[in-house]
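> Dropping a structure here in structure tokens format, bear with me for questions.
Nothing in this text is a laboratory measurement; each read-out follows from the coordinates by a stated rule. Remember, it's a predicted structure, so these values are computed and weren't measured experimentally. Backbone-built Cβ (ideal geometry, glycine too); neighbour counts: all protein chains shown.
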Amino acid sequence: MIVLSTAVAGGPFIGLLGTVWGVMETFAGIARANSASLTAMAPGVAGALIATVIGLLVAIPAMFGYNFMVTTIRGITQELDGFASRYATQIEHSYVDNRALAEEIKDANEALADRIVGAINGEPSNSSVAPLARNR
């Protein structure tokens with residue numbers, strides 16, 4: 001991933017560097033020939049175009065590969081998160097909580113009713129202890 005992201009970011013700069021280098025070479029060829037003829041400008045322009053093409057040939061496939069890999073890794077990560085959540089829930093139901101669901105709901109409703117009655121009667125709430133904690 002690091003190599004691909006570096007290629008995506010650096011490829012266009014290689015092309016830009018080649019373009020600037022080719023323009024400089026073109027001006028040097030014109031100065032050497034003392035004329036703006038095709039034979040004086042062609043080597044610099046050709047070098048600029050070759051470097052630009054090479055930069056694009058590196059950056060474009062790297063961008064497609066990088067985006068494909070990021071999408072694949074994101075999908076795998078989501079699958080692993082879902083698996084971990086399901087597995088933790090299954091472990092909790094199998095080893096931690098052996099009561100029936102109806103009993104859990106009944107206990108939670110009783111605890112909530114006690115809190116409501118206490119609030120109506122003006123009794124202070126004990127917020128340091130989880131109010132719906134199960135008594136085992």
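> Can you tell me which residues in segment 1-22 are loosely packed, with under 15 Cβ neighbours inside 10 Å and more than 30 Å from VAL70 (Cα to Cα)?
VAL20, TRP21
> Which one of ALA48, ALA36 is at negative phi and part of a loop (DSSP other than H, G, I, E, B)? Spell out the reasoning first.
On the way: ALA48 fails: part of a loop (DSSP other than H, G, I, E, B).
Result: ALA36 is the single residue among ALA48, ALA36 that is at negative phi and part of a loop (DSSP other than H, G, I, E, B).
> Okay, next question. Among (1) loosely packed, with under 13 Cβ neighbours inside 10 Å; (2) in contact with a Ser or Thr (Cβ under 8 Å, 6 or more places away or on another chain); (3) within 30 Å of VAL70 (Cα to Cα), there is one condition ALA33 misses while meeting the rest; what is its number?
The number of the failed condition is (3).
> Condition test on MET24, is it within 30 Å of MET1 (Cβ to Cβ) and either hydroxyl-bearing (Ser, Thr, Tyr) or assigned to a helix (DSSP H, G or I) (or both)?
no
> Among the residues in segment 88-109, are any without any contact (Cβ under 8 Å) to a residue 40 or more places away in the chain, out of contact with any Lys or Arg (no Cβ under 7 Å at 6 or more places or on another chain), closer than 30 Å to MET1 by Cβ and surrounded by 10 or more Cβ atoms within 10 Å (Cβ to Cβ)?
There is at least one residue in segment 88-109 that is without any contact (Cβ under 8 Å) to a residue 40 or more places away in the chain, out of contact with any Lys or Arg (no Cβ under 7 Å at 6 or more places or on another chain), closer than 30 Å to MET1 by Cβ and surrounded by 10 or more Cβ atoms within 10 Å (Cβ to Cβ).
> Among the residues that make up segment 60-81, is at least one of them surrounded by 15 or more Cβ atoms within 10 Å (Cβ to Cβ) and of a type in the set (A, V, I, L, M, F, W, C)?
Yes: segment 60-81 contains one or more residues that are surrounded by 15 or more Cβ atoms within 10 Å (Cβ to Cβ) and of a type in the set (A, V, I, L, M, F, W, C).
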